[in-house]
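The values are calculated or read from the model by the stated rules, or taken from the named source; none is laboratory data. None of the values given here were measured: they were computed from a predicted structure. Using ideal geometry, Cβ is built from the backbone for each residue, glycine included, and neighbour counts are taken over all protein chains shown. SASA here: full protein model, heavy atoms, side chains in, ligands and nucleic acids out. Shrake-Rupley method; radii C 1.70, N 1.55, O 1.52, S 1.80 Å.
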Amino acid sequence: MRELDRRSFLTAAAGGVAGAGLLGRTLLVRGDLTEVRSTRLMMGTLVTVTAVTRAPDRAEIGVERAFAEMSRLESVFTRHDPDGEVARLNEAGVLADPSPALVSLLRQCRRVYDRTDGAFDPTVLPVVTAYESGRDAPTDARRRVGEATFDSVAVADAELRTPTPITLDGVAKGAVVDAGTAVLRDWVDAGLVEAGGDVRAFGGSGADSRWRVGVEDPRGDGTVSTLRLDRGGVATSGDYRIFYDEDRTNHHIVTPGTGRSPTADTSVTVVAPDATTADAYSTAAFVMDDDRASPLLDDREGVAALFLTRDGDRRRTDGWADRLADD
(Lines give C-alpha, C1' and ligand atoms only; values in the text may rest on other atoms or scores of the structure.)
Protein backbone atom coordinates (compact mmCIF):
# COMPACT_ATOMS: atom_id res chain seq x y z
CA MET A 1 0.00 0.00 0.00
CA ARG A 2 1.48 3.32 -0.99
CA GLU A 3 0.53 6.95 -0.67
CA LEU A 4 2.13 10.11 -1.98
CA ASP A 5 4.01 11.01 1.20
CA ARG A 6 6.91 9.13 2.74
CA ARG A 7 6.58 10.92 6.06
CA SER A 8 3.65 11.87 8.22
CA PHE A 9 2.29 15.19 7.06
CA LEU A 10 2.88 18.25 9.23
CA THR A 11 0.81 21.32 8.57
CA ALA A 12 2.54 24.68 8.56
CA ALA A 13 1.17 28.19 8.25
CA ALA A 14 2.65 31.66 8.44
CA GLY A 15 0.99 34.46 10.36
CA GLY A 16 -2.34 32.67 10.28
CA VAL A 17 -2.46 32.65 6.48
CA ALA A 18 -2.99 29.28 4.80
CA GLY A 19 -3.28 28.18 1.19
CA ALA A 20 -1.09 26.87 -1.59
CA GLY A 21 -0.92 26.79 -5.34
CA LEU A 22 1.06 28.41 -8.10
CA LEU A 23 3.48 31.17 -7.24
CA GLY A 24 1.47 34.15 -6.05
CA ARG A 25 1.22 36.94 -3.50
CA THR A 26 -1.07 36.99 -0.50
CA LEU A 27 -1.29 40.19 1.52
CA LEU A 28 -0.90 39.49 5.22
CA VAL A 29 -3.16 41.04 7.79
CA ARG A 30 -0.55 43.16 9.52
CA GLY A 31 1.65 45.88 8.11
CA ASP A 32 3.07 45.82 4.64
CA LEU A 33 4.32 42.24 4.70
CA THR A 34 3.60 40.03 1.71
CA GLU A 35 3.53 36.24 1.63
CA VAL A 36 4.93 34.64 -1.51
CA ARG A 37 4.14 30.93 -1.68
CA SER A 38 4.55 28.18 -4.25
CA THR A 39 3.70 24.47 -4.09
CA ARG A 40 5.08 21.89 -6.51
CA LEU A 41 5.41 18.13 -6.85
CA MET A 42 8.90 16.98 -5.96
CA MET A 43 10.47 13.96 -4.25
CA GLY A 44 7.19 12.08 -4.58
CA THR A 45 5.34 14.60 -2.44
CA LEU A 46 4.13 18.20 -2.39
CA VAL A 47 6.81 20.75 -1.57
CA THR A 48 5.84 24.26 -0.46
CA VAL A 49 8.18 27.24 -0.23
CA THR A 50 6.85 30.26 1.64
CA ALA A 51 8.53 33.65 2.00
CA VAL A 52 7.34 36.55 4.17
CA THR A 53 8.79 39.80 2.94
CA ARG A 54 8.49 43.51 2.26
CA ALA A 55 10.15 43.01 -1.13
CA PRO A 56 7.92 40.65 -3.15
CA ASP A 57 10.05 40.80 -6.29
CA ARG A 58 13.10 39.55 -4.40
CA ALA A 59 11.00 36.90 -2.69
CA GLU A 60 9.75 35.53 -5.99
CA ILE A 61 13.33 35.17 -7.22
CA GLY A 62 14.30 33.47 -3.95
CA VAL A 63 11.44 31.00 -4.15
CA GLU A 64 12.33 30.05 -7.73
CA ARG A 65 15.99 29.59 -6.88
CA ALA A 66 15.13 27.53 -3.80
CA PHE A 67 13.12 25.15 -5.99
CA ALA A 68 15.94 24.96 -8.51
CA GLU A 69 18.45 23.98 -5.84
CA MET A 70 16.11 21.39 -4.35
CA SER A 71 15.49 19.89 -7.79
CA ARG A 72 19.23 19.64 -8.37
CA LEU A 73 19.84 17.82 -5.10
CA GLU A 74 16.86 15.53 -5.53
CA SER A 75 18.55 14.13 -8.63
CA VAL A 76 21.74 13.58 -6.60
CA PHE A 77 20.19 11.82 -3.59
CA THR A 78 17.41 9.74 -5.14
CA ARG A 79 17.81 5.99 -5.62
CA HIS A 80 15.02 5.87 -8.19
CA ASP A 81 16.78 7.64 -11.08
CA PRO A 82 19.02 5.09 -12.88
CA ASP A 83 21.27 7.93 -14.02
CA GLY A 84 21.55 9.40 -10.51
CA GLU A 85 24.61 9.00 -8.35
CA VAL A 86 23.03 6.76 -5.69
CA ALA A 87 21.56 4.41 -8.30
CA ARG A 88 24.90 4.16 -10.10
CA LEU A 89 26.69 3.51 -6.81
CA ASN A 90 24.20 0.76 -5.96
CA GLU A 91 24.53 -0.83 -9.40
CA ALA A 92 28.32 -0.88 -9.58
CA GLY A 93 29.27 -0.85 -5.93
CA VAL A 94 31.65 2.02 -6.61
CA LEU A 95 31.26 5.64 -7.71
CA ALA A 96 34.20 7.78 -8.79
CA ASP A 97 34.17 11.55 -8.37
CA PRO A 98 30.95 11.78 -6.36
CA SER A 99 29.40 15.19 -5.91
CA PRO A 100 30.44 17.07 -2.74
CA ALA A 101 26.80 17.19 -1.66
CA LEU A 102 26.51 13.40 -1.69
CA VAL A 103 29.81 12.94 0.14
CA SER A 104 28.74 15.47 2.77
CA LEU A 105 25.37 13.80 3.33
CA LEU A 106 26.91 10.35 3.62
CA ARG A 107 29.32 11.69 6.24
CA GLN A 108 26.36 13.09 8.15
CA CYS A 109 24.78 9.64 7.91
CA ARG A 110 27.96 8.16 9.35
CA ARG A 111 27.82 10.48 12.35
CA VAL A 112 24.20 9.60 13.09
CA TYR A 113 24.95 5.91 12.54
CA ASP A 114 27.74 6.10 15.12
CA ARG A 115 25.74 8.16 17.64
CA THR A 116 22.75 5.82 17.45
CA ASP A 117 24.83 2.62 17.64
CA GLY A 118 23.70 1.67 14.16
CA ALA A 119 19.98 2.39 14.56
CA PHE A 120 20.21 4.71 11.56
CA ASP A 121 21.67 2.67 8.71
CA PRO A 122 21.23 3.32 4.95
CA THR A 123 22.07 -0.32 4.11
CA VAL A 124 18.51 -1.54 4.87
CA LEU A 125 17.48 -1.01 1.25
CA PRO A 126 17.22 -4.72 0.25
CA VAL A 127 14.20 -5.24 2.53
CA VAL A 128 12.49 -2.07 1.32
CA THR A 129 12.94 -3.00 -2.33
CA ALA A 130 11.72 -6.54 -1.65
CA TYR A 131 8.42 -5.17 -0.44
CA GLU A 132 8.25 -2.51 -3.14
CA SER A 133 8.76 -5.04 -5.93
CA GLY A 134 6.29 -7.57 -4.58
CA ARG A 135 8.49 -10.26 -6.12
CA ASP A 136 11.60 -10.63 -3.96
CA ALA A 137 11.41 -12.64 -0.75
CA PRO A 138 11.66 -10.41 2.34
CA THR A 139 13.26 -13.29 4.25
CA ASP A 140 16.23 -13.38 1.87
CA ALA A 141 16.46 -9.59 1.96
CA ARG A 142 16.47 -9.62 5.78
CA ARG A 143 19.39 -12.02 5.70
CA ARG A 144 21.31 -9.57 3.51
CA VAL A 145 20.50 -6.69 5.85
CA GLY A 146 21.66 -8.73 8.82
CA GLU A 147 24.99 -9.40 7.17
CA ALA A 148 25.85 -5.85 6.06
CA THR A 149 26.07 -2.55 7.94
CA PHE A 150 27.07 1.00 7.16
CA ASP A 151 30.54 0.18 8.53
CA SER A 152 31.22 -1.53 5.19
CA VAL A 153 30.50 1.63 3.17
CA ALA A 154 33.63 3.61 2.29
CA VAL A 155 33.17 7.37 1.89
CA ALA A 156 35.93 9.54 0.44
CA ASP A 157 36.00 12.72 -1.61
CA ALA A 158 37.32 10.89 -4.66
CA GLU A 159 35.34 7.66 -4.45
CA LEU A 160 32.43 5.88 -2.77
CA ARG A 161 32.29 2.11 -2.28
CA THR A 162 29.52 -0.12 -0.93
CA PRO A 163 29.10 -3.91 -1.00
CA THR A 164 25.33 -3.57 -0.59
CA PRO A 165 22.76 -1.13 -2.00
CA ILE A 166 22.00 1.91 0.14
CA THR A 167 19.07 4.27 0.50
CA LEU A 168 19.00 7.87 1.67
CA ASP A 169 15.22 7.87 2.07
CA GLY A 170 15.58 8.43 5.82
CA VAL A 171 17.52 11.68 5.48
CA ALA A 172 17.53 13.01 1.90
CA LYS A 173 14.27 14.90 2.13
CA GLY A 174 15.51 16.86 5.13
CA ALA A 175 18.79 17.60 3.36
CA VAL A 176 16.97 18.87 0.29
CA VAL A 177 14.71 21.06 2.45
CA ASP A 178 17.75 22.51 4.23
CA ALA A 179 19.41 23.31 0.91
CA GLY A 180 16.31 25.09 -0.38
CA THR A 181 16.06 27.05 2.86
CA ALA A 182 19.70 28.14 2.62
CA VAL A 183 19.05 29.61 -0.82
CA LEU A 184 15.83 31.30 0.30
CA ARG A 185 17.61 33.02 3.22
CA ASP A 186 19.71 34.99 0.76
CA TRP A 187 16.55 36.69 -0.55
CA VAL A 188 14.13 37.16 2.35
CA ASP A 189 14.18 37.66 6.11
CA ALA A 190 11.64 34.96 6.99
CA GLY A 191 10.62 31.76 5.27
CA LEU A 192 9.57 28.15 5.53
CA VAL A 193 10.12 25.10 3.33
CA GLU A 194 7.89 22.03 3.82
CA ALA A 195 8.21 18.73 1.96
CA GLY A 196 5.72 16.03 2.89
CA GLY A 197 6.27 16.57 6.60
CA ASP A 198 9.91 17.70 6.69
CA VAL A 199 9.99 21.38 7.66
CA ARG A 200 12.67 24.06 7.97
CA ALA A 201 11.91 27.61 9.05
CA PHE A 202 13.78 30.82 9.77
CA GLY A 203 13.01 34.42 10.72
CA GLY A 204 10.10 33.55 12.97
CA SER A 205 10.87 35.82 15.91
CA GLY A 206 8.48 38.58 14.90
CA ALA A 207 4.80 38.42 15.75
CA ASP A 208 3.85 38.60 12.07
CA SER A 209 6.07 35.75 10.91
CA ARG A 210 6.18 33.22 13.72
CA TRP A 211 5.59 29.73 12.36
CA ARG A 212 3.27 27.07 13.77
CA VAL A 213 3.77 23.40 12.91
CA GLY A 214 1.05 20.91 13.77
CA VAL A 215 1.86 17.20 14.22
CA GLU A 216 -0.80 15.04 12.60
CA ASP A 217 -2.82 12.56 14.63
CA PRO A 218 -2.09 9.19 12.97
CA ARG A 219 -5.30 7.74 14.44
CA GLY A 220 -7.66 10.31 12.96
CA ASP A 221 -8.19 13.86 11.82
CA GLY A 222 -6.55 16.89 13.39
CA THR A 223 -3.30 17.34 15.26
CA VAL A 224 -1.93 16.00 18.53
CA SER A 225 0.53 18.82 19.17
CA THR A 226 1.38 22.25 17.76
CA LEU A 227 4.91 23.62 17.84
CA ARG A 228 6.19 27.18 17.74
CA LEU A 229 9.02 27.08 15.22
CA ASP A 230 10.88 30.38 15.04
CA ARG A 231 13.77 28.62 13.34
CA GLY A 232 15.03 25.08 12.84
CA GLY A 233 13.65 21.86 11.46
CA VAL A 234 10.94 19.28 12.18
CA ALA A 235 10.47 15.78 10.75
CA THR A 236 8.25 12.80 11.49
CA SER A 237 8.76 9.09 10.83
CA GLY A 238 5.66 6.91 10.95
CA ASP A 239 4.22 3.54 10.00
CA TYR A 240 0.92 4.75 8.59
CA ARG A 241 1.80 6.29 5.22
CA ILE A 242 3.56 3.40 3.47
CA PHE A 243 2.89 -0.13 4.70
CA TYR A 244 2.59 -3.58 3.16
CA ASP A 245 -0.03 -5.38 5.27
CA GLU A 246 -3.24 -4.39 7.03
CA ASP A 247 -1.85 -4.35 10.56
CA ARG A 248 1.27 -2.41 9.48
CA THR A 249 3.62 -5.10 10.78
CA ASN A 250 5.69 -4.52 7.65
CA HIS A 251 6.27 -0.96 6.48
CA HIS A 252 8.94 1.19 4.86
CA ILE A 253 10.98 1.75 8.04
CA VAL A 254 13.34 -1.15 8.69
CA THR A 255 15.36 -2.08 11.76
CA PRO A 256 19.05 -2.63 10.91
CA GLY A 257 20.34 -6.04 11.90
CA THR A 258 16.97 -7.80 11.88
CA GLY A 259 15.50 -6.39 8.67
CA ARG A 260 12.08 -6.18 10.33
CA SER A 261 9.86 -3.15 10.79
CA PRO A 262 9.52 -1.76 14.33
CA THR A 263 6.02 -1.95 15.77
CA ALA A 264 6.11 -0.14 19.13
CA ASP A 265 5.42 3.38 17.84
CA THR A 266 3.13 4.71 15.17
CA SER A 267 5.09 7.98 14.77
CA VAL A 268 8.10 9.84 16.13
CA THR A 269 8.44 13.57 15.54
CA VAL A 270 11.77 15.31 16.12
CA VAL A 271 12.50 19.04 16.24
CA ALA A 272 16.13 20.00 15.69
CA PRO A 273 18.33 22.88 14.54
CA ASP A 274 17.92 21.72 10.92
CA ALA A 275 15.72 19.39 8.88
CA THR A 276 18.53 16.96 8.05
CA THR A 277 19.16 16.27 11.74
CA ALA A 278 15.44 16.05 12.47
CA ASP A 279 14.90 13.63 9.58
CA ALA A 280 17.76 11.30 10.47
CA TYR A 281 16.99 11.21 14.20
CA SER A 282 13.26 10.66 13.69
CA THR A 283 14.16 7.60 11.60
CA ALA A 284 16.66 6.34 14.17
CA ALA A 285 14.34 6.98 17.12
CA PHE A 286 11.51 5.11 15.42
CA VAL A 287 13.52 1.89 15.25
CA MET A 288 14.94 2.26 18.78
CA ASP A 289 13.14 1.46 22.01
CA ASP A 290 11.64 4.69 23.35
CA ASP A 291 13.53 4.27 26.64
CA ARG A 292 16.77 4.15 24.68
CA ALA A 293 15.91 6.86 22.17
CA SER A 294 14.71 9.51 24.66
CA PRO A 295 18.04 9.92 26.50
CA LEU A 296 19.90 10.03 23.19
CA LEU A 297 17.78 12.90 21.92
CA ASP A 298 17.84 14.73 25.25
CA ASP A 299 21.65 14.70 25.11
CA ARG A 300 21.69 16.62 21.83
CA GLU A 301 21.49 20.40 21.98
CA GLY A 302 18.38 21.83 20.38
CA VAL A 303 16.72 18.43 19.83
CA ALA A 304 13.37 17.27 21.24
CA ALA A 305 10.94 14.50 20.33
CA LEU A 306 7.35 13.32 20.62
CA PHE A 307 6.62 9.56 20.53
CA LEU A 308 3.12 8.29 19.68
CA THR A 309 2.84 4.60 20.50
CA ARG A 310 0.58 2.03 18.90
CA ASP A 311 -1.28 1.54 22.17
CA GLY A 312 -2.21 5.22 22.29
CA ASP A 313 0.37 6.59 24.70
CA ARG A 314 2.26 9.83 24.17
CA ARG A 315 5.81 10.27 25.37
CA ARG A 316 7.98 13.33 24.91
CA THR A 317 11.50 14.34 25.77
CA ASP A 318 12.15 17.13 28.26
CA GLY A 319 12.62 19.85 25.64
CA TRP A 320 9.33 19.26 23.81
CA ALA A 321 7.17 21.32 26.17
CA ASP A 322 9.42 24.38 25.67
CA ARG A 323 8.52 24.41 21.95
CA LEU A 324 4.75 24.17 22.23
CA ALA A 325 2.71 27.01 20.77
CA ASP A 326 0.83 29.15 23.26
CA ASP A 327 -2.39 29.05 21.23
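Between rounded, prolate and oblate, where does the range 201-326 land on the alpha carbon gyration tensor, with a ≥ b ≥ c its root eigenvalues, rounded for a/c under 1.5, else prolate if a/b exceeds b/c?
Prolate, since a/c reaches 1.5 and a/b exceeds b/c.
So with the 1.4 Å probe, I'd like the accessible area per residue for the range 58-141, rounded to whole Å².
Per-residue value: 46 Å².
Give the peptides 193-203, 148-158 in descending order of average Cβ contacts within 10 Å, highest first.
Packing order, densest peptide first, comes out as 193-203, 148-158.
Just grab the label-to-label distance for residue 96 and residue 139, each label 7 Å out from Cα along the Cβ direction, in nm (one decimal).
4.2
If I model a spin label at residue 68 and residue 157 as a point 7 Å from the Cα along the Cα→Cβ vector, what separation in nanometres do I get?
2.7
How would you rank 170-183, 96-109, highest first, on the average number of other Cβ atoms within 10 Å across their residues?
170-183, 96-109
Kindly identify the range 85-161 as rounded, prolate or oblate by the Cα gyration tensor criterion: order the square roots of the eigenvalues as a ≥ b ≥ c, call it rounded if a/c is under 1.5, otherwise compare a/b with b/c, prolate if a/b is larger, else oblate.
Because a/c hits 1.5 or more and a/b fails to exceed b/c, the range 85-161 counts as oblate.
Sorted by mean Cβ packing within 10 Å, highest first, what order do the peptides 223-233, 78-88 take?
Top of the packing list down: 223-233, 78-88.
Karplus couplings for the range 113-125 from phi (6.51 cos²θ - 1.76 cosθ + 1.60, θ = phi - 60°), rounded to Hz, Gly and Pro as x?
4, 5, 6, 9, 6, x, 5, 9, 8, x, 8, 7, 4
What FRET efficiency do you get for residue 81 and residue 182 if R0 is 30 Å and r is their Cβ-Cβ distance, rounded to the nearest 0.05?
It comes out at approximately 0.85.
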